[in-house]
Amino acid sequence: MEGKLCLGSDKLSKGDSLSGSDTIISEDGTFEMGFFSKKASSDHDLYLGIWYKNFAEKTIVWIANRGKPLPNTPRSRLEISGDMDGNLVLFDESDIAWSTNMSSTFPASVEAVLLDVGNLIVRDVSKPSVIFWQSFDHPTDTWLPEAKLGFHKFNGNMQWLTSWKNADDPSTGMFSVGISPNETSEFFLEWNMSVRYWKSGSWNGTAFGFVPEMISKTFKFVSSENETYYTYTLVDTDVISLLRITPSGKFEQLTSFKSFHKWNVIFVQPRNESDIFASCGAFGLFNENSATTCSCLRGFSPLSAEETRSDDWFGGCARNTPLQCENSTSGNGQKDGFLKISTIKLPANSNVYPAQNHKRCKLACMQNCTCAAYAFNDSGCFIWEGALYDARQLSNEDNSKQDMYLKVSRFDLPDPGKRKILTVVPAVLAPLVVLFSGGFIGCFYTRKIKQQKGNKSSGQDLLSFDFNYSGNRTDDEANLLEGGKEDFNLPMFSYASVSKATDKFSSETKLGEGGFGPVYKGKLLNGQEIAVKRLSQRSAQGFKEFRNEIVLIAKLQHRNLVRLLGYCADRDESMLIYEYLPNKSLDFFLFGSKTQRILEWATRVRIIEGIAQGLVYLHEYSRLRIVHRDLKASNILLDSEMNPKISDFGMARIFGGNKLHTNTQRIVGTYGYMAPEYAMEGLFSIKSDVFSFGVLVLEILSGKKNTGFYQEDSLHLLGHKNVITSKNQSLAILN
C-alpha cells in the first residue's frame, strides 16, 4: 500500500507517494513542489514542478516532465522506485513519464528532499551529505542562487536554461542561456541553440560587463577537473531573486523581499525587441517603424491569429497556398513565382550558390523545392532553404538594405486574375493596350513626381509663425507622411525654417538628448522661444512614436500637459515643435547635487499636485482615455514658475470605451517606474500610471532616485523604510 505524505514535509521517502494536491515544502517555507496545470480546460496538461510558495501566481522554477505532460488524473504520481536503483520516478498510471535515470545501484535508504534553495535532491538517508542526483544539474528556464550555469567535462551534460514555448506551454522554447566549452569568459543568449544575439560581457575574475545593472549578487566562476560553471549567491538574506529566460527571448532578473511576495523586474537584456533574433517568427517581417512591429511576408498569414492579436508573433507565419512542387494538385502546369521584397536586412543562415548572374540564381531557387527565397548582389548568389527568420524592414537611408526574392504560389502573385486576362487578349489589340497603359502610367507618375516635389517644399515658415493667431493653421497641414487625414489641427513647418530657427541645429542650441533624439532651442522672429525634438536615426523609437505624439497631444488641452505647437515631416526628417520650458526637467532639480535644495517643500507639493491633475485629466476627463506608460522625473518639464507639465507621449496608448486594461508583448518604458504586472506580463492599465506616479512622489519627497538606491533594508527606494526621515517634514507636506 502506498504511503501518505505528512502535511508540510520536505521529504519523499521510499514507500511514500506524491499525487493530486499533495506537495512537498522546503524547511524554511520558501519553495513548494507538486503538480500543476497551466490550462484549466485541458485534460492532459499536468506537470511536476517546483515553485515559490505564497506568491499569488505560481512562479515555476523547475519542471520534471516539461516535454511530456501527464493526464490530469489522480493516478499520476511521484515515487522512489521500489527496486534497488533508488530512482525518483514519475508515473503516468503504470507507465514511466519521467525518471532521475540514475544508472548506478544505490543503497536502499534513499530519500528525495526539497532544499531551502529550491534544489530537489536524492540523497543517502544514512549519509545526508552524499547526493546522488539534484535538479540543479537539470535546470529548465530559471537560474536560482547557488545553482550552476555551465557544463560537465566528461559526460557532456550542459547546464543551460531554455525558455518555455509560451506563457501556457512549459515545453522547450526557442531561446536559451549558457556558456560554451570553448568560450567560458562570458555567457550568451541563443535562438534555436545556433544564433547568438546577446552576450554578458567578459568575466574579469570578479564580475561581468553587465554587472552594474544587476544588484545584490556575488558571482563566482569555478573550473575543476570535472566541470566548469558560473554560480551566484545573494548578499541580502531577506531578499529572494532569480534569473530566467522568457518565452520572448529576454534574460531578466526578478527580485522580492521574502515577506513581500511580489516581484520587481530590475534587469532585462536585451532591452529592445529589435535586438532579439527572429522575434516575428518564421516568415515574419520586423519593422520597428510600423504600428504592429511584426507582420507576415506577402503570401503568408499568421499561424495563430489569436496569438498575434496579443502581439505574440513567435509562432510565425505560414503560406496561404502551397507551392506547386509541394502539392501536385495546385498547378495545371502553372509555375510558382517570386515576389520582390525591397529595402530589408537579409535573413541569416543563407547558402551561397555558385551562380554567375541574377537569372541563374533565380533558376537555382526555382528548381529547388526547399528554396524559399534568393538574393543576388555584388557578393554573389544567396539561397534560403526552409523557413525564413529575422527578415527586417529597413529605411531607405540604411546603407545595409538589400532586395530579396520570395518564392510564392502563382495564386499569391500580384493580380493573378488580370495576368490571366491579358494572356488571352488578341495580338492585334496588344499595341493599343500598350499605348493606353503607357499613357496612363506616364500621367500617373508625372503627377506623383509633382506631388513628391511639392511635399519636399511643403510646410509653413516657422520663423514668422504666430502661435497666438489661429488663422495661420490649415486643415491640409494635418496630413502626415502617409497622407492620412487625422482629427487634429497642427501646423506643419518646413525643414528649412526649423533649421534656421535652431541655427542649423548647432551645438550651442542643443538642450539635451533623450530616447527619441536630441532637443534644440529655437527662436522665432517675434522673440518666442521653442523646443525642437528631432528624431535620431540611431533612436530605438521611430515613426510610430512620432505619429503617436502628434495624434495624442494635439487632442489634449490641459495646463499640466506640455503643449505641442507643430511638427515637421520633411526631407526624411521627423521633428516635433513644443513650447519652451526654461526650467528643464524635474530630475535636474531632484537628483542634481547643486540643485536639490532649490525645491522647497511647498514647491514639491505643488509639483505633485500638478502631476496628479494631469494624470486625472488623461485617465478620466480627456476626450480619449490615455495611459502614458513612461511617467518619470525626466518626462516632467517645469515652466518659469516651476509648474509641472507631463511630456513625451511617444509610448502612450489609447483605451477605448469602457476598456480597463490590455496586454502587450512589447514592454516599453523605464524600469524602476514600471508596475510589476506590466514589467512581468505586459498587462497595463491606468493603474500602471498610478504606480509610476507613486514612485515619482517618493522621489520628489526624498530627493532620491528609485533605481540606484541601495540600503541595508532595501534594494530600491520603494522598499526603504525611512523615505522621509523627518517627522516635521512629513507633517508639513500633509498640511
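Summary of packing: across the peptides 55-68, 182-195, the per-residue average of other C-beta atoms within 10 Å ranks them, highest first, as 55-68, 182-195.
Cβ-to-Cβ counts within 10 Å put 654, 636 in ascending order as 654, 636, the fewest first.
What is the sum of charges, Lys and Arg at +1 and Asp and Glu at -1, for the other residues whose Cβ falls under 9 Å from the Cβ of residue 132? Provide the component values of the computation, followed by the final result.
On the way: positive: 123; negative: 124.
In short, 0.
Report the FRET efficiency, 1/(1 + (r/R0)^6), for residue 155 and residue 290, where r is their Cβ-Cβ distance and R0 is 41 Å, rounded to 0.05. About 0.30, to the nearest 0.05.
Can you tell me the order of 379-389, 92-102 when each peptide is scored by its average per-residue count of other Cβ atoms within 10 angstrom, highest first?
Working: 379-389: 18.1, 92-102: 14.7.
Sorting 379-389, 92-102 by mean packing, highest first, produces 379-389, 92-102.
Which semi-axis lengths, in whole Å and largest first, follow from the square roots of five times the eigenvalues of the Cα gyration tensor of the range 85-243? Show your work: numbers first, answer last.
On the way: eigenvalues 166, 78, 54 Å².
For the range 85-243, the ellipsoid semi-axes come out as 29, 20, 16 Å.
Counting every other Cβ atom within 10 Å of each residue's Cβ, 237, 343, 370 order from fewest to most as 237, 370, 343. Packing around the peptides 149-157, 248-256, taken as the average count of other Cβ atoms within 10 Å per residue, puts them in this order, highest first: 248-256, 149-157. Sorted fewest first by neighbouring Cβ atoms within 10 angstrom, 632, 38 come out as 38, 632.
Multiply the residue gap between residue 272 and residue 366 by 0.36 nm, knock off their C-alpha separation, and tell me the result in nm, one decimal place. Kindly include the intermediate steps, with their values, before the conclusion.
Values: separation 94, 0.36 × 94 = 33.84 nm, distance 3.67 nm.
Here the answer is 30.2 nm.
Coordinate-derived values only; no laboratory data. Every value quoted in this text rests on a predicted model; they were computed, and no experiment measured them. Ideal geometry is used to build each Cβ from the backbone, glycine not excepted, and the neighbour counts take in all protein chains shown.
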